Amino acid sequence: MNTHDERVVVWKRGSIASEPDLVKMTTGFYLVDTASRPGMSGSPVVLRSWNSHVMETSNFTAMTDGPIDRVIGIYSGRKEDAPSEAQIGMVWHADYINDIIDGGKRDG
């Protein structure tokens, strides 16, 4: 009998399927094309950029070579009006996370 809780991190790969620059001006969520399953709602969505980057803050500028990861939103499930064979999901933009938690101001 297993008496402890085993948790495993699962990484899924997907593609952004909508225009990221328009998200905050329109729906508030990205569309993603990924093979998702029930239970994945609420998962953080991480954008990995593989190129060299210039990082600037008020205190310094630095160049980094290699991947950079950043959370861009929270996965909320498949889009209901997508065709049944499509695997299109919704990711709420990271800027809306506090609104969702604090007051449930958004719905999909």
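The values are calculated or read from the model by the stated rules, or taken from the named source; none is laboratory data. Nothing here was measured: the structure is a model prediction, and the numbers come from that model. Note that we place each Cβ from the backbone using ideal geometry, even for glycine, and neighbour counts take in every protein chain shown. With ligands, DNA and RNA removed, areas are computed over all heavy atoms of the protein, side chains included. Shrake-Rupley method; radii C 1.70, N 1.55, O 1.52, S 1.80 Å.
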* Structure fact -> Those residues of segment 18-35 that are outside any strand (DSSP E or B), open to solvent by 50 Å² or more (accessible area, probe 1.4 Å) and closer than 17 Å to residue 48 by Cβ come to a total of 1
* To do: Check 106, 70, 48 and return the single one that is modelled with pLDDT under 70 and within 20 Å of residue 23 (Cα to Cα).
  => 106
